[in-house]
Amino acid sequence: MAGTLRIPGFVNAHSHTFQRALRGRAAGSDFWAWREVMLAEAERQTPDLVRDAYEQGYREMLAAGYTAVGEFHYIGVREAHAAAAAAAAAGIELVLLHVAYARGGLDRFRQESVQAYLEQVESLRAAGIRVGLAPHSVRACPAEWLEEIGRYADGERLPLHIHADEQPKEIEECLAEHGCRPIELLARTGCLMERTTIVHATHANGAELDLLSAHGSTICACPTTEADLGDGFLPAERVRTRGIPICIGSDSNVRIDPFEELRELEGIARRQSGRRGVFSTDELYAFGRDVGARSLGLDAWPEIEIDLEHGSLRDVDSEHVPAALIAGCGADVVTS
Ligand SMILES: [Zn+2]
């Protein structure tokens, strides 16, 4: 169609779609206060609610240019089937990152053993749902669970996603329990691989980043959520110098806009370094697409169409459109 440009779709590597309901109403004083409101919202979820709200959420992602999503799912097996049905109805590629939760959180999050968790994973696979392994965090999973899950992900060649180093308190607790930091514990328990994605890594120190680099693991950055929750921001320049692959996620879905996530990522790097163009336009698009797809184990995902006549692109030469999309556009430039 004249006036449009077809480009590969974006890959949303980390989403908790039910959290979209919290936008504007989970103020609180910090992450931990927000978490209480989030847990109350999680508690009230049912398969019917998930089926409806997730289809709506996935349609919003598609409208914003995300054509694949990794759903980091910790609210139950029946709800996992509902999420998969919602994704099929909306027409988005889904990888269900089924969460292992041994302790803390809500009753409904927890499995009684790591074997019970892996049986859930097997049952989802048997139902034809594309899955990944997702120990929630080192807060929620003890070392024995991590060892077993790492072994299974490696043996079955499945993605492994885990939250780590989002909040300083989580690191302090890990140091107290294990005498090492979260990413060091993941290395010790066999959870760091090329197929591993660390969600956030906001407060990762140099030794932890070196481990990610040595194991070829990926970081999923979620800049709009990390800002909203007061987490902090990715040590972008230190990640870049180590060549650690980065992908993006809409996480809490306060914002659903891949251009904004990428712009924030580059903005963080500029604020930290005092330079411009820390990541090239090509690198930023790779973060938004190929790296996310690899992190989820996806080979193919649909394209999208950009409205070149949108006001945000007025008078932009065609050669500058890719950079202008990231620098100055919102997701409303996506037409399909
Ligand atoms: Zn998350």
I'd like to know if segment 206-216 contains one or more residues that are within 29 Å of LEU22 (Cβ to Cβ) and in contact with a helix residue (DSSP H, G or I) (Cβ under 8 Å, 6 or more places away or on another chain).
no
Kindly evaluate ARG195 against the criterion of being touching a residue at least 60 places away in the same chain (Cβ under 8 Å), in contact with a Pro (Cβ under 7 Å, 6 or more places away or on another chain), away from the ligand (no atom under 16 Å from the Cβ) and basic (Lys, Arg).
yes
Can you confirm whether LEU146 is away from the ligand (no atom under 14 Å from the Cβ), at pLDDT 95 or above and within 20 Å of GLY76 (Cα to Cα)?
yes
Within segment 158-194, restricting attention to residues that are surrounded by fewer than 23 Cβ atoms within 10 Å (Cβ to Cβ) and within 18 Å of the chain's Cα centre (by Cα), which residue is farthest from SER213 (Cα to Cα)?
GLN167
Taking TYR117 as the residue in question, decide whether it is on the phi < 0 side of the Ramachandran plot, touching a helix residue (DSSP H, G or I) at 6+ places or on another chain (Cβ under 9 Å) and within 16 Å of the ligand (Cβ to nearest atom).
no
Failed condition for GLY230, given (1) more than 13 Å from the chain's Cα centre (by Cα); (2) more than 25 Å from ASP30 (Cβ to Cβ); (3) among the small types (Gly, Ala, Ser); (4) within 16 Å of the ligand (Cβ to nearest atom), with all others met?
(2)
Looking at segment 242-266 only, could you name the residues that are in a loop (DSSP other than H, G, I, E, B) and within 16 Å of the ligand (Cβ to nearest atom)?
GLY249, SER250, SER252, ASN253, VAL254, ARG255, ILE256
Restricted to segment 1-20 and to residues being away from the ligand (no atom under 15 Å from the Cβ) and among the small types (Gly, Ala, Ser), the residue modelled with the lowest pLDDT is ALA2
Quickly run through segment 21-60 and pick out the residues that are at pLDDT 95 or above and within 15 Å of the ligand (Cβ to nearest atom).
GLY57
Output the residue which, of all residues in segment 199-221 that are out of contact with any Leu (no Cβ under 9 Å at 6 or more places or on another chain) and within 16 Å of the ligand (Cβ to nearest atom), is nearest to CYS174 (Cα to Cα).
HIS203
Taking ALA269, is it within 16 Å of the ligand (Cβ to nearest atom), assigned to a helix (DSSP H, G or I), of a type in the set (A, V, I, L, M, F, W, C) and under 25 Å from ALA324 (Cβ atoms)?
no
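The values are calculated or read from the model by the stated rules, or taken from the named source; none is laboratory data. Owing to the predicted nature of the structure, the values given are computational and were not obtained by experimental measurement. Note that we place each Cβ from the backbone using ideal geometry, even for glycine, and neighbour counts take in every protein chain shown.
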